[in-house]
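Asks: Before we start, here is the structure in question, set down as structure tokens.
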Amino acid sequence: MQVELSEAQELFRSSSRRFLEAEAPLTVVRELYDSREGFDRAWWRRAAELGWTSVLVPDRLGGGTLSGRPVADAVIVAEEMGRLVAPGPFLPVNVVAATLAAEGSDEQQSSVLPGLISGELVATWALCEPHGRWDVDAVRTTATASGGDIVVEGAKAYVEALGAAEQVLVSARSAAGLTQVLVPLDAPGVHATLGRSLDATRRFGSVRFEGVRLPRSAVVGNVGEAADRIAQQLRLALALQCAELVGVADRTLEFTIEYGLERLAFGRPIMSFQALKHRIADMTVHLEGSKAVTDALADAIDGDAADVERFSSVTKAYVGTHALDTVDDCVQITGGMGVTWEHDIHLYNRRAVVDRAIFGTPEEHKHHLLSLLSTSEETA
Amino acid sequence: MNAQETESVEAFRARAARWIERDLPRWNDEHVETRDLQRLLFDHGFAGIAFPRAYGGAGLTLDHQKAFYDEATAQDRQVPTGNRVSIGMLGPTILDHGSEDAQLRFLPPLLRGDTLWVQLLSEPQGGSDMAGATTRLTRDGDTYVLHGSKMWSSGAHEADFGLCLCRSDWDAPKHRGLSMIAVPLKGVPGITIQQTRSASGLTSDFSEEFFDNVVLPIEYLIGEENDGWAVAQTLLLHERNTVGNIGYGYLGRRDRGPKRMFGGEPAMRSLAAARRRSALDSVGEAIVETYIESVVAPLTSTRVMAGLRVGTHSGRWGSLTKLQSTVAAQASVRTALAAWGADGVIWDGEEVQYDNVGTTWLESRGGTISGGTNEMQRNIISERLLGLPRESAPDRDVPFSEVLRNARRV
């Protein structure tokens with residue numbers, strides 16, 4: 001989240017925070033731990049009313065950016081969600097909404113998009129395959145033209161909000177190249193296996209597509225031309241994820257400092273010990289760096305910057321590493337209470353661990369960066 | 001028993017090996033409960049191998065104990081791991097500090113597996129500062145009264161006795177007003193034990209114990225009244241030994257037996273199999289990390305500058321960017337040393353050269369020192385930006401001669 005917000009953005013931030021504090025405090029997050037979908041549909045419709053599902057969609061399609069920089073708007077919500085480890089399919093719904101807004105057919109824009117914006121419908125996206133990578137080159141699922149239809153065959157994994165979603169945007173390979181298909185989850189041949197994750201409220205699952213035959217109109221964009229769009233989806237997901245991780249680290253550091261000022265040992269608050277103060281200082285450096293690089297990624301996406309791909313990997317490598325390290329350091333500072341169910345810090349630990357793992361680990365992004373650096377050295 | 005009568009370790013090992021082969025169940029056999037396993041050892045003279053016979057032990061040494069459990073490991077047999085705390089920590093502490101009466105009262109049932117023991121040291125309000133215990137022990141005629149609560153006691157919900165560190169003299173200095181007393185944990189009025197649920201969602205082995213004016217016999221005191229800190233030190237020594245798998249707590253190698261998720265070769269093999277594409281060698285990783293810092297540090301400065309302009313950040317945030325950029329700069333030269341190796345520090349020609357990595361390394365050392373050392377920057381960030389307590393300054397409001405005298409005493 002930028003240091004300088006417009007008036008509309010500031011209102012968006014404060015209303016989102018108030019909404020989360022009132023309607024999804026940590027007590028509610030704990031209650032949702034045992035629920036199937038991990039969020040309440042009526043609650044999600046109220047969240048949608050705040051604009052959570054519309055900033056990446058242009059005005060003419062029923063959405064509207066607040067600042068002319070849609071991703072900079074969206075990361076405001078993501079960061080607030082991180083601060084309260086909030087439930088809800090914010091990320092997948094926004095990824096699908098942005099895609100349909102950019103290149104959905106008239107029919108998709110009129111029959112699916114309004115439901116996503118109002119919160120009536122939930123859609124998710126599926127890029128990664130079982131034990132695979134979040135990488136267009138790793139897509140093996142196929143979408144094959146057959147008469148007037150398209151047939152999807154293959155498997156996807158780590159699909160967020162699968163149990164709640166009505167539709168899934170599938171990245172697949174056709175003879176002409178990468179293709180995206182919007183698949184209704186109740187279509188014949190779709191086999192969803194619901195799963196859970198370490199996160200308290202975020203549910204995932206895997207899907208098999210066995211000869212799923214759909215009308216050609218299920219294709220999003222042009223057959224064979226989806227590679228760039230998929231890469232954009234991944235970058236958007238990384239920006240939202242990193243903003244969420246910033247919120248997670250920021251809030252964890254806040255309540256850990258508060259705790260350390262209250263907790264007494266050897267006749268003084270533990271936060272007066274230099275060993276802890278210096279750790280806190282280092283964590284603050286990493287937090288400020290994480291904020292800076294996440295904002296810069298949002299800017300790079302909004303501005304369609306040339307080096308946005310490299311930048312998204314830098315952001316995930318940095319933020320993904322330091323957010324979890326910060327939470328982990330805070331667990332250490334919290335002491336024994338930090339490893340109990342009763343203390344909220346494990347809710348933050350859970351979110352940070354899952355976010356670190358999906359859309360590429362920091363290690364995978366570093367590997368990617370190393371190959372980019374090595375390539376540019378050779379061509380230089 | 002005198003030295004001549006003591007069985008040699010080798011003779012003992014041979015005798016133990018025969019018994020182990022015949023009577024001690026394998027890990028693959030049905031699991032035997034800790035108490036039953038301890039009883040089995042006791043009935044055959046293999047419990048408390050290094051404890052005196054008078055207290056139910058075998059009257060041998062820690063070397064004999066090690067021989068026994070090495071043999072159990074070699075033959076892949078079950079050992080009473082659930083009793084490690086009683087046998088390795090509490091029993092030896094009672095042996096070191098208990099009165100004759102306490103030793104006769106508590107040790108035989110402990111070695112027989114009849115009583116499981118736990119330590120009751122940490123409190124909800126004090127973990128590291130153990131000597132700050134506030135659980136109260138008050139003498140009342142011929143009894144003691146215990147009041148307060150303890151936490152982080154492993155296995156207390158199953159235990160029969162705890163050794164409890166409590167405050168018996170509130171006027172003495174911190175470490176000199178403590179006592180250690182044995183507390184029966186089952187069927188005693190005034191005791192509530194609550195298991196702690198761990199962050200994973202599982203019920204943990206830890207619990208919290210509440211003592212509401214629990215009446216205890218005077219004979220349950222271990223060590224002298226107000227000498228509890230010495231007893232606690234002994235207990236911590238035995239705890240360190242047991243955790244380190246030496247001394248009274250040695251029960252053979254730990255990578256044997258069931259449920260070895262994270263230790264031992266099989267676990268390492270499965271980790272190796274689960275490893276995903278870590279083609280990063282360490283120099284490559286250092287290069288990427290240097291690159292990442294080189295992107296993030298300037299962005300952070302830009303952000304702080306923007307914050308200065310709009311008022312979200314103060315001038316003191318310069319400490320943060322100074323710390324960040326100097327650490328990053330030094331790390332980048334360290335990476336260069338790794339990448340260049342000998343070529344970075346040795347050159348042809350007799351002239352001294354300065355355009356090499358080695359010179360940059362020497363030059364870069366000043367960055368984290370000049371302009372206020374990075375340690376001072378961390379103080380500023382924590383104190384001035386975040387409002388954490390200032391470092392104590394014993395030199396404030398004190399004559400300088402006294403400051404110097406006092407400083408040498410720190």
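No lab work stands behind these numbers, since they all come straight from the coordinates. The model shown is predicted, which means the values in this text are computed figures rather than measured ones. Reconstructed Cβ throughout: ideal geometry from the backbone, glycine too, with neighbour counts over all protein chains shown.
Asks: Once Lys and Arg get +1 and Asp and Glu get -1 on their Cβ, which of B:314, B:333, B:359 lies farthest toward the positive end of the dipole of region B:286-385?
Replies: B:314
Asks: How far is helix A:274-302 tilted, in degrees, relative to the longest principal axis of the Cα atoms in chain A, given as a value from 0 to 90 rounded to the nearest 10?
Replies: For helix A:274-302, the angle is close to 30 degrees.
Asks: DSSP loop trypsin sites (Lys or Arg not before Pro) in region A:1-98 with at most 16 other Cβ atoms within 10 Å of their Cβ, which ones?
Replies: Hits after loop and neighbour filter: A:36.
Asks: Please state the shape class of region B:286-385: rounded when a/c is under 1.5, otherwise prolate if a/b exceeds b/c and oblate if not, all from the C-alpha gyration tensor.
Replies: Prolate.
Asks: Amide H of residue A:65: which non-local residues (sequence gap of 5 or more, or other chain) have their own amide H closer than 5 Å, using H built in the peptide plane?
Replies: Residues meeting the criterion, in which the H sits 1.01 Å from N, are A:59.
Asks: While we're here: Order A:317-324, A:169-176, A:68-75 from most to least packed using the mean count of other Cβ atoms within 10 Å.
Replies: A:317-324, A:68-75, A:169-176
Asks: Ignoring the sites themselves, what is the longest stretch of chain B with no trypsin sites (Lys or Arg not before Pro) in a DSSP loop and at most 16 other beta-carbon atoms within 10 Å?
Replies: Formally, the longest exposed-site-free interval is B:1-185.
Asks: Tell me which residues come under 5 Å, amide H to amide H, from residue B:136 once H is placed; ignore anything under 5 positions away on its chain.
Replies: Counting only residues 5 or more places away or on other chains, the set is B:147, B:148, B:167.
Asks: Here's a follow-up. Debye calculation, C-alpha points only, no solvent: report log10 I(q)/I(0) for the protein assembly as shown at q = 0.07, 0.09, 0.11 Å⁻¹, in the same order as the q values.
Replies: Each listed q corresponds, in turn, to -0.71, -1.04, -1.24.
Asks: Taking the Cα atoms of chain B, report the difference between the largest and smallest coordinate on each principal axis, in whole Å and largest first.
Replies: So the extents along the principal axes, rounded to whole Å, are 79, 57, 46.
Asks: Further, regarding this structure: On C-alpha positions alone, give me the angle between the axis of helix A:362-379 and the longest principal axis of chain A, in degrees, nearest 10.
Replies: Computed tilt is about 70 degrees.
Asks: Further question on the same structure: Along region A:334-341, what does the Karplus equation 6.51 cos²θ - 1.76 cosθ + 1.60 (θ = phi - 60°) give for ³J(HN,Hα), rounded to whole Hz, x for Gly and Pro?
Replies: 5, x, x, 4, x, 10, 9, 5
Asks: Karplus couplings for region B:63-72 from phi (6.51 cos²θ - 1.76 cosθ + 1.60, θ = phi - 60°), rounded to Hz, Gly and Pro as x?
Replies: Residue by residue, region B:63-72 yields 5, 5, 4, 4, 4, 4, 6, 4, 5, 5 Hz.
Asks: Could you put B:149, A:111 in order, starting from the residue whose Cβ has the fewest other Cβ atoms within 10 Å?
Replies: A:111, B:149
Asks: Taking neighbour Cβ counts within 10 Å as the exposure measure, how do A:32, A:373 sort from fewest upward?
Replies: Listing A:32, A:373 from fewest to most nearby Cβ atoms yields A:373, A:32.
Asks: Now for a separate question. Using only the Cα atoms of chain A, what are the Rg and Dmax in Å?
Replies: 21.0, 80
Asks: Okay, next question. What is the ratio of the Cα radius of gyration of region B:117-249 to 2.2 N^0.38 Å, with N the residue count, to two decimals?
Replies: 1.02
Asks: Taking only Cα atoms, what is the 0 to 90° angle, nearest 10, from helix B:100-112's long axis to the longest principal axis of chain B?
Replies: So the inclination is approximately 80 degrees.
Asks: Taking neighbour Cβ counts within 10 Å as the exposure measure, how do A:276, A:50 sort from fewest upward?
Replies: The order, fewest Cβ neighbours first, is A:50, A:276.
Asks: Another question, then. Only helical DSSP H runs with n ≥ 4 go in: add -39500 (n - 2.57) per run for chain A, normalise by residue count and round the 222 nm mean residue ellipticity to 500 deg cm²/dmol.
Replies: -17000 deg cm²/dmol
Asks: Hey, got the average number of other protein chain Cβ atoms within 10 angstrom for residues in A:252-265?
Replies: 2
Asks: Another question about this same structure. When only DSSP loop residues count, what GluC sites (Glu not before Pro) in region B:345-410 have their Cβ near at most 13 other Cβ atoms within 10 Å?
Replies: Those that pass, being in a loop and sparsely packed, are B:350, B:351, B:391.
Asks: State, to one decimal in nm², a quarter of the convex hull surface area for the C-alpha atoms of region A:7-118, i.e. the direction-averaged projected area.
Replies: Reported value for the Cα convex hull: 6.8 nm².
Asks: Please compute, for peptide A:325-336, the average count of beta-carbon atoms on other protein chains lying within 10 Å of each residue's beta-carbon.
Replies: Neighbouring Cβ atoms belonging to other protein chains average 1 per residue here.
Asks: Given labels modelled 7 Å from the Cα in the Cβ direction, how far is it in nm from residue A:227 to residue A:138?
Replies: 1.8
Asks: Amide H of residue B:185 versus every other amide H placed in the peptide plane: which residues, excluding those fewer than 5 positions away on the same chain, fall under 5 Å?
Replies: Amide H neighbours of residue B:185: B:161, B:162.
Asks: Looking at region B:1-96, which GluC sites (Glu not before Pro) are DSSP coil and have at most 10 other C-beta atoms within 10 Å of their C-beta?
Replies: B:30
Asks: Using a 10 Å cut-off around each Cβ of peptide B:300-312, what is the average number of partner chain Cβ atoms that fall inside?
Replies: Across the residues of B:300-312, the mean count of other-chain Cβ atoms within 10 Å is 4.
Asks: Got a sec to turn the phi values of region A:80-96 into Karplus ³J(HN,Hα) couplings, 6.51 cos²θ - 1.76 cosθ + 1.60 with θ = phi - 60°, whole Hz, x for Gly and Pro?
Replies: Rounded to whole hertz, the list is 5, 5, x, 4, 10, 5, 5, x, x, x, 4, 5, x, 5, 5, 4, 5.
Asks: If you take the Cα Rg of region B:57-203 and divide it by 2.2 N^0.38 Å, with N the number of residues, what do you get?
Replies: 1.18
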